[in-house]
């Protein structure tokens, strides 16, 4: 097992080194005419960016002073996103490079094929004798066409189309510059989308067992807020204000609230005390709570007015609401216990289950749950991460049916690692329950 782990680590390192060398080559080596300060600066920037990324990850996991975590997190995690999109952009540039080179070569050939206009004969002033026939060939006479031997390159350069090696350098600079601009713009827009705060998404979910009196019941579902070194109190306030504006009947906080200790992030989570709903706010743990002191956070959210559902169930007027711990709690003896939460309930009543990870859906089906509300996936967060996330989860985002049980997965409100989302916008979802008897 140890050998396999070492081989995987070596493979990952090889891929990272190769990928970063390729980015450096396309952005710095191929865009310069020779060794110099630009190439050295590029190598330092790439190596320094990864050093900050590793530092940010280590500081967070090791519980370093919170100020140090914040200092490292912004440049370190943003570099992680930027490096991904720099690599994707330069790979896409390989498709553009030969096309651009062909266009320039065609233009150069077309211009070279156009005959140069014949020079007009010079006028000879009246009374001036013409030069002797041999004088035109005088080797000491000034050469008015000096440099004409380079006419192909000089002509194309003058016309704006570089030739030979200069053409390759021109193509590399155009493609490299476009790739860098595209990567920066992508990360910038994706980061703005997160910091702006999540938008409200609304869906209607019909439940066969829901009584007519509960038709239109609204549950505000929020997951993966990820308060931490990057997203703090101001972000939490945006989430609270957005939820309260929907005027829900019930609020479900479905895990991954924080990335850090109560000591460091207690003030950031304080706005949660202002959540308002007719039947209150409920909370279940996510995997990141178990990296951050789950027991302390359960007590903290209870102090803030949220009700933790630790493998527990409450009977609301028209349906049962249950919650199970995240599977990450198994290492601490606090894993999900479906039998405890659902085993003795009246299956004639509709049941809504809060469970952080979509993979818990199969046990929910076995226990007759009508609707499971989950998060965890972030919708992939950074495209093409959705391809990996969809392979690891039964549902990446949205509503799907598994037998008689429906599963809804929110993309989450915040972000982990880079405070950036690409192709997976954040959301707070208002789930409106519908009775088929209405």
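Numbers at a glance
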{"item": "Where a label projected 7 Å from the Cα of residue 278 along Cα→Cβ would reach, residues of segment 207-226 with amide N under 14 Å", "result": "211-220"}
{"item": "Mean Cβ count within 10 Å, highest first, over the residues of peptides 369-379, 45-55, 354-364", "result": "369-379, 354-364, 45-55"}
{"item": "Mean residue ellipticity (222 nm) of the chain, computed from DSSP H runs ≥ 4 via -39,500 (n - 2.57), nearest 500", "result": "-14500 deg cm²/dmol"}
{"item": "Rounded tilt (10° steps) of 2-24 against the dominant C-alpha axis of the chain", "result": "40 degrees"}
{"item": "Degrees separating the helix 37-62 axis from the principal Cα axis of the chain, which is the longest one", "result": "10 degrees"}
{"item": "Euclidean distance of C-alpha centroids, segment 291-325 and segment 169-185, integer Å", "result": "50 Å"}
{"item": "Centroid-to-centroid separation of segment 356-409 and segment 54-92 [C-alpha atoms, Å]", "result": "28 Å"}
{"item": "Acute angle (nearest 10 degrees) that the helix 294-303 long axis makes with the longest principal axis of the chain, alpha-carbon atoms", "result": "70 degrees"}
{"item": "Two-decimal log10 I(q)/I(0) for the chain, as the Debye equation yields it once each C-alpha is a single scatterer, q = 0.09, 0.10, 0.14 Å⁻¹", "result": "-0.69, -0.79, -1.23"}
{"item": "Kirkwood-based shape ratio for segment 325-422, expressed as Rg/Rh from alpha carbons", "result": "1.01"}
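Read the figures in this text as sums done on the coordinates, not as results from a lab. Keep in mind that this is a model prediction, so the values were computed, not measured. Note: ideal-geometry Cβ built from the backbone for every residue, glycine included; neighbour counts use all protein chains shown.
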